[in-house]
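Novice: Handing you this structure, nothing more for now.
The values are calculated or read from the model by the stated rules, or taken from the named source; none is laboratory data. Just so you know, these numbers come straight off a predicted model, no measurement behind them. Don't worry about glycine lacking a Cβ; one is built from the backbone with ideal geometry, like all the others, and counts go over all protein chains shown.
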Amino acid sequence: MAVALTVWMIAIVVVMIIYAGRHWVLTLNRLLGHQRPYMQDIIDEDLPGVTVLVPMHNEEQVADGVLTALLAQDYPADRLEIIPIDDHSTDRTQKILESYAVRNPRIRPIYRRGEGARGKPAGLNEALGIAGNEVILVFDADYQPPPDIVRELALAFLDPEVGAVMGRVVPSNTASGFLARLLDLERSGGYQVDQQARYSMNLVPQYGGTVGGFRRSVVLSWGGFDPYVLAEDTDLTFRLLVRGWRVAYANKVECYEEAPQTWDARFRQLRRWARGHTQTMFRHWRRVLTSPNMTPAQRVDGMLLLGIYMIPPLILTGLGLSLALFITGTIPLAATLLLSFFAVGYNAFGNFAPFYQVGTAGVLDGMRERLFLLPYLFFMFLFNSWAVTLGAFDAVVDVLGGRVPTWEKTARFRQ
Amino acid sequence: MDISVDRAALPILPHRAYRRPRAITARSVAASLALAAAVEALVVAFLGDLAAVFTRVSAELLPGGARSAARPFLGIDLRPLEIELQPLDYRALLVWFLASAAAAAVLAEVKRIGAPARYMAIYNLVMFAVSATYMLFTGELGYGAESFSDLYIRSAVVIWLVIPVFVGAISLFLPFTILERGLLVGASLAYNLVFSAVRYALFAWILSWSGAVTMASLYLFFGPLLDFVYVVGVFSVFLVPMSKRLGREGPQDVWTWL
């Protein structure tokens, strides 16, 4: 029993070292490697027609903001169509959309009511059915798109190999409190370093479901989004990659979002992400390993990306095992020099890797006093681990028990 | 036909999306490595003295603190603190178990306390409850007072050895000045020495009235894991002035693009 526990513990540590190594490699690439730019300085009069989809469910607090911003886009009016998808709203969302549609023929809302699958993927499918353009961009309702963002994102599709594009998400409500500031740090690390390095290294940059887009015909070619997948963005990323399409990442195309302001909202968001992502892992891992359209490095990075939400459950298992091994005195830690070095070394280099990534991103972004918050990210560790573990467990139950997940929207806070 | 491109001449706007620090050169990396190696050599050379001062300070801080006989570790003699464990009978263990479990259950519902703080408190309460349960059935934990003291001081010594290498490595590819690099390594090490000595005495004092039931929590949560948090803290303290300095200087002097 003791041997089995020890082997399991070592296996957990090995997996965590691999992920820590990935953080180090990506961060060092961002600091030292050549950066691959997004489509830069392309002046093209033949801009593609674009349909912007905005999924909405009870968005009366934010609907006005996103529609106003989209109408102010620096893009030929005759090539831009906006489809807000009102998914069973019970507040004033429909009235707001109607008032905009009356004044602006470019806005063609869909009002989803009655029976049928609910949630973002189902709404996107319905909108794809009536969209008039090949290039589809998606913004969540709480986003505040700057005037050039449609042009910038649409440029990616001038490259015939690009199947999807992803821009950078920046929280706008950092003044609202501690949580939003911490999430701003996390986002900075995730985009400025992680996504950009994966793009530069030709690995697997991820389409994130908002501030991004895809080709309509490609998604329709496999029958649209699966309405019962909670992470349709990750699902799309891997469907594209295994078929030989590329995902472009636009680090300079920034869009403000509203980050969760309460721990409860953040917990629910994380749990949903973990559930959806883990569903996708079960669905795609074999295809990623065997796809002839992916390079070996992309396969490795793809597998690491697919498995990323399994790390917190592993960490919690490791914490439990540490406790068991400690109170039973199974491993003579005090007597084993090598193990002491290993534990301390891992604790230092392994655990520090994400903080190094976030700190580096903060410096590249020009953050100042906000970087003092870096050590506080540690205090989210157990919180994040628990939320993600529950989400991953949900996904396992979904897959094994055939349970159908239901979509849950992140709470909004804008007044 | 030559189609090579001078990357530096590309008309890329100075956007933060693709910038990298210009100051990281082979020379800065070599200087940083030399600095870390020098500090590491000093730590190795004076490891025995450091350990002696460390345990002496802890013993002074602990009321009635005493050090045990010398035990060899990594070529030096360590004299761990002698820790008196409060004996716990089954009633005391039952109280620990029930109180910890009840407190964890209550905390799980008290939404007014920030969730991360609640989760950390619950984690520690669970460790108390599990330890108390184990001791109820077996009478003692796998680690006694002596082995715990050994474990703590050996971990501390290993951390002193790792810190110069680790902090040197993390400063290697960021645009710190040589002074900042030196201060970063020195401050991390100095803080660790002082903090670990005070914490050692505090742990011994806590164990003297709580018994072994808090031992797992002290080592697994408030031990080396906390060392890592303050290393991140010191790192952030040095990142801020560096980032401000980069912001003050001309972008073309500080950053390179692509």
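Novice: Just to verify a result, which residue in the stretch A:171-182, among those that are touching a strand residue (DSSP E or B) at 6+ places or on another chain (Cβ under 8 Å) and farther than 17 Å from A:LEU364 by Cα, is nearest to the other protein chains (Cβ to nearest Cβ)?
Specialist: Within the stretch A:171-182, the subset touching a strand residue (DSSP E or B) at 6+ places or on another chain (Cβ under 8 Å) is A:171-172, A:180.
Okay, now just the ones that are also farther than 17 Å from A:LEU364 by Cα, so A:172, A:180.
On the way: A:SER172: 17, A:ALA180: 14 Å.
Filtering first and then ranking leaves A:ALA180.
Novice: Sort out which residues of the stretch B:173-186 are under 21 Å from the mean Cα position of the chain (by Cα) and more than 14 Å from chain A (Cβ to nearest Cβ), and write them in order of number.
Specialist: B:ARG181, B:GLY182, B:LEU183, B:GLY186
Novice: For the stretch A:221-233: of the residues being free of Cβ contacts under 8 Å to residues at least 60 places away in the same chain and not aromatic (Phe, Trp, Tyr), which is nearest to A:ARG151 (Cα to Cα)?
Specialist: Here is the first cut: in the stretch A:221-233, the ones free of Cβ contacts under 8 Å to residues at least 60 places away in the same chain are A:221-223, A:231, A:233.
Remaining after also requiring not aromatic (Phe, Trp, Tyr): A:221, A:223, A:231, A:233.
Details: A:SER221: 25, A:GLY223: 27, A:ALA231: 26, A:ASP233: 21 Å.
So the residue we want is A:ASP233.
Novice: Name the single residue, out of those in the stretch B:133-150 being closer than 30 Å to B:ALA70 by Cβ and assigned to a helix (DSSP H, G or I), that is farthest from the other protein chains (Cβ to nearest Cβ).
Specialist: Going through the qualifying residues, I end up with B:ALA145.
Novice: Is one or more of the residues making up the stretch A:147-166 free of Cβ contacts under 8 Å to residues at least 60 places away in the same chain and either surrounded by fewer than 21 Cβ atoms within 10 Å (Cβ to Cβ) or touching a helix residue (DSSP H, G or I) at 6+ places or on another chain (Cβ under 8 Å) (or both)?
Specialist: yes
Novice: Check A:ALA72, A:ALA122, A:ALA77, A:ALA117 and return the single one that is within 28 Å of the chain's Cα centre (by Cα), of a type outside the set (S, T, N, Q) and exposed (fewer than 14 other Cβ atoms within 10 Å of the Cβ). Steps first, please.
Specialist: Working: A:ALA122 fails: exposed (fewer than 14 other Cβ atoms within 10 Å of the Cβ); A:ALA77 fails: within 28 Å of the chain's Cα centre (by Cα); A:ALA117 fails: exposed (fewer than 14 other Cβ atoms within 10 Å of the Cβ).
Of A:ALA72, A:ALA122, A:ALA77, A:ALA117, the one residue that is within 28 Å of the chain's Cα centre (by Cα), of a type outside the set (S, T, N, Q) and exposed (fewer than 14 other Cβ atoms within 10 Å of the Cβ) is A:ALA72.
Novice: Looking only at the stretch A:220-238, filter to residues that are outside any loop (DSSP other than H, G, I, E, B) and surrounded by fewer than 23 Cβ atoms within 10 Å (Cβ to Cβ); which one of those is nearest to the chain's Cα centre (by Cα)? Reasoning before the result, please.
Specialist: Of all residues in the stretch A:220-238, those outside any loop (DSSP other than H, G, I, E, B) come to A:220-221, A:232-238.
From what's left, surrounded by fewer than 23 Cβ atoms within 10 Å (Cβ to Cβ): A:220-221, A:235.
On the way: A:LEU220: 22, A:SER221: 24, A:ASP235: 11 Å.
In this case the residue turns out to be A:ASP235.
Novice: Another one. For the stretch A:19-68, what are the residues that are away from chain B (no Cβ under 14 Å), assigned to a loop (DSSP other than H, G, I, E, B) and modelled with pLDDT of 90 or more? Walk me through it before giving the result.
Specialist: First, pick out the residues of the stretch A:19-68 that are away from chain B (no Cβ under 14 Å): A:19, A:22, A:44-68.
Next cut, assigned to a loop (DSSP other than H, G, I, E, B) only: A:44-49, A:57-62.
Result: A:PRO48, A:GLY49, A:HIS57, A:ASN58, A:GLU59, A:GLU60, A:GLN61, A:VAL62.
Novice: Collect the residues in the stretch B:190-224 that are hydrophobic (A, V, I, L, M, F, W, C), within 22 Å of B:LEU61 (Cβ to Cβ), within 13 Å of chain A (Cβ to nearest Cβ) and in a helix (DSSP H, G or I), keeping them in residue-number order.
Specialist: Residues satisfying the conditions are B:ALA212, B:MET215, B:LEU218.
Novice: Let me ask another. Given the options B:VAL158, B:VAL130, B:VAL126, name the one that is within 30 Å of B:VAL39 (Cα to Cα), surrounded by 17 or more Cβ atoms within 10 Å (Cβ to Cβ), within 11 Å of another protein chain (Cβ to nearest Cβ) and not charged (D, E, K, R). Before you say what the answer is, go through the steps one by one.
Specialist: On the way: B:VAL130 fails: within 30 Å of B:VAL39 (Cα to Cα); B:VAL126 fails: within 30 Å of B:VAL39 (Cα to Cα).
Of the residues listed, the single one that is within 30 Å of B:VAL39 (Cα to Cα), surrounded by 17 or more Cβ atoms within 10 Å (Cβ to Cβ), within 11 Å of another protein chain (Cβ to nearest Cβ) and not charged (D, E, K, R) is B:VAL158.
Novice: Turning to a different aspect of this structure: Restricting the search to the stretch A:170-187, which residues are within 17 Å of the chain's Cα centre (by Cα), among the aliphatic types (A, V, I, L, M) and closer than 16 Å to A:PHE267 by Cα?
Specialist: A:ALA180, A:LEU182, A:LEU183
Novice: Of all residues in the stretch A:354-372 being aliphatic (A, V, I, L, M) and more than 7 Å from every other protein chain (Cβ to nearest Cβ), which is surrounded by the most Cβ atoms within 10 Å (Cβ to Cβ)?
Specialist: The initial filter retains those residues of the stretch A:354-372 that are aliphatic (A, V, I, L, M), namely A:358, A:361, A:363-364, A:367, A:371.
Imposing the further condition that a residue be more than 7 Å from every other protein chain (Cβ to nearest Cβ) reduces the set to A:358, A:361.
On the way: A:VAL358: 29, A:ALA361: 24.
Among those that are aliphatic (A, V, I, L, M) and more than 7 Å from every other protein chain (Cβ to nearest Cβ), it is A:VAL358.
Novice: Here is a further query. Scan the stretch B:163-172 for residues that are crowded, with 21+ Cβ neighbours inside 10 Å and either within 8 Å of chain A (Cβ to nearest Cβ) or not polar (S, T, N, Q) (or both) and jot them down. Talk me through it step by step, then tell me what you get.
Specialist: Going residue by residue through the stretch B:163-172, those that are crowded, with 21+ Cβ neighbours inside 10 Å are B:163-164, B:166-168, B:170-171.
B:ILE163, B:PRO164, B:PHE166, B:VAL167, B:GLY168, B:ILE170 - these are the residues of the stretch B:163-172 that are crowded, with 21+ Cβ neighbours inside 10 Å and either within 8 Å of chain A (Cβ to nearest Cβ) or not polar (S, T, N, Q) (or both).
Novice: Quick one: how many residues across the stretch B:118-168 are touching a Gly at 6+ places or on another chain (Cβ under 8 Å), of a type in the set (Gly, Ala, Ser) and touching a residue at least 24 places away in the same chain (Cβ under 8 Å)?
Specialist: Number satisfying all stated conditions: 1.
Novice: Out of (1) over 17 Å from B:VAL158 (Cβ atoms); (2) touching an Asp or Glu at 6+ places or on another chain (Cβ under 7 Å); (3) at pLDDT 90 or above, what's the single condition that is false for B:ALA59?
Specialist: Only one criterion is unmet by B:ALA59, namely (2).
Novice: Of all residues in the stretch B:1-34, count the ones that are under 26 Å from the mean Cα position of the chain (by Cα) and at pLDDT 90 or above.
Specialist: Here the count works out to 1.
Novice: Of the residues B:ALA121, B:ALA101, only one is within 14 Å of chain A (Cβ to nearest Cβ) and modelled with pLDDT of 95 or more; which?
Specialist: Numbers: B:ALA101 fails: within 14 Å of chain A (Cβ to nearest Cβ).
Of B:ALA121, B:ALA101, the one residue that is within 14 Å of chain A (Cβ to nearest Cβ) and modelled with pLDDT of 95 or more is B:ALA121.
Novice: Being among the hydroxyl-bearing types (Ser, Thr, Tyr), in the same structural domain as B:SER236 (by TED's automatic domain parsing), surrounded by fewer than 19 Cβ atoms within 10 Å (Cβ to Cβ) and at pLDDT 90 or above narrows it down to one residue among B:SER208, B:SER149, B:SER188, B:SER196; which is it? Give the derivation first.
Specialist: Numbers: B:SER149 fails: surrounded by fewer than 19 Cβ atoms within 10 Å (Cβ to Cβ); B:SER188 fails: surrounded by fewer than 19 Cβ atoms within 10 Å (Cβ to Cβ); B:SER196 fails: surrounded by fewer than 19 Cβ atoms within 10 Å (Cβ to Cβ).
Of B:SER208, B:SER149, B:SER188, B:SER196, the one residue that is among the hydroxyl-bearing types (Ser, Thr, Tyr), in the same structural domain as B:SER236 (by TED's automatic domain parsing), surrounded by fewer than 19 Cβ atoms within 10 Å (Cβ to Cβ) and at pLDDT 90 or above is B:SER208.
Novice: Inside the stretch A:378-409, can you point out the residues that are at pLDDT 90 or above and facing another protein chain (nearest Cβ under 8 Å)?
Specialist: Of everything in the stretch A:378-409, those that are at pLDDT 90 or above and facing another protein chain (nearest Cβ under 8 Å) turn out to be A:PHE383, A:TRP386.
Novice: How do the pairs read when you match residues in the stretch A:389-400 that are in contact (Cβ under 8 Å) with a residue 60 or more places away in the chain with residues anywhere that are of a type in the set (Val, Ile, Thr), using Cβ under 6 Å and keeping only pairs 6 or more apart or on different chains?
Specialist: As it stands, the answer is A:ALA392/A:THR278; A:ALA395/A:THR278, since those pairs meet every condition given.
Novice: Follow-up. Please work out which residue is farthest from B:GLY142 (Cα to Cα), limiting yourself to the stretch B:225-258 and to residues that are more than 7 Å from chain A (Cβ to nearest Cβ) and not in a helix (DSSP H, G or I).
Specialist: The selected residue is B:GLY250.
Yes/no matrix, rows are residues, columns are (1) part of a helix (DSSP H, G or I); (2) within 23 Å of the chain's Cα centre (by Cα); (3) buried (at least 20 other Cβ atoms within 10 Å of the Cβ); (4) modelled with pLDDT of 80 or more:
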{"site": "A:TYR309", "(1), (2), (3), (4)": "yes, yes, yes, yes"}
{"site": "A:PRO312", "(1), (2), (3), (4)": "yes, yes, yes, yes"}
{"site": "A:LEU319", "(1), (2), (3), (4)": "yes, no, no, yes"}
{"site": "A:PHE326", "(1), (2), (3), (4)": "yes, no, yes, yes"}
{"site": "A:THR330", "(1), (2), (3), (4)": "no, no, no, no"}
{"site": "A:ALA334", "(1), (2), (3), (4)": "yes, no, yes, no"}
{"site": "A:LEU339", "(1), (2), (3), (4)": "yes, no, no, no"}
{"site": "A:ASN347", "(1), (2), (3), (4)": "yes, no, yes, no"}
